[in-house]
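Encoded as structure tokens, the structure appears first; notes follow it.
A short reminder: the numbers here are calculations on the coordinates, not readings from a lab. As the structure is a computational prediction, the values presented were derived from the model and not from experiment. Every residue, glycine among them, receives a Cβ derived from its backbone with ideal geometry; neighbour counts consider all protein chains shown.
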Amino acid sequence: MGVLVYTPIYNRKVEMQENTKFKITYYSNKDKKHITRNGTWTDKCRYWTSKAGANLMTYFDDDAQGYRTAKGSWKVRL
């Protein structure tokens, strides 16, 4: 029987290339619900860790025409 290994999405940054379109879903603390947005990976997008140790992903939100940051965990569908 094989072992299933979970790889967090923030460790898959190698797969993201400039101008890649995707959908991202994450929990919004501000809105208190899960939000799904259309995004584009640009040269200003990045994966990073906050000073408090939270995993973050900054992406371009096509719906709002601006940059947003997802915190904690998120799901990206290409």
**Study point:** Efficiency of FRET between residue 67 and residue 23 - r from beta-carbon atoms, R0 22 angstrom, step 0.05
**Key:** 0.85
Exercise for review: Identify the residues of the stretch 45-78 with backbone N under 16 Å of a label point that sits 7 angstrom from the Cα of residue 34 along the Cα-to-Cβ direction, or state none.
Suggested key: 71-78
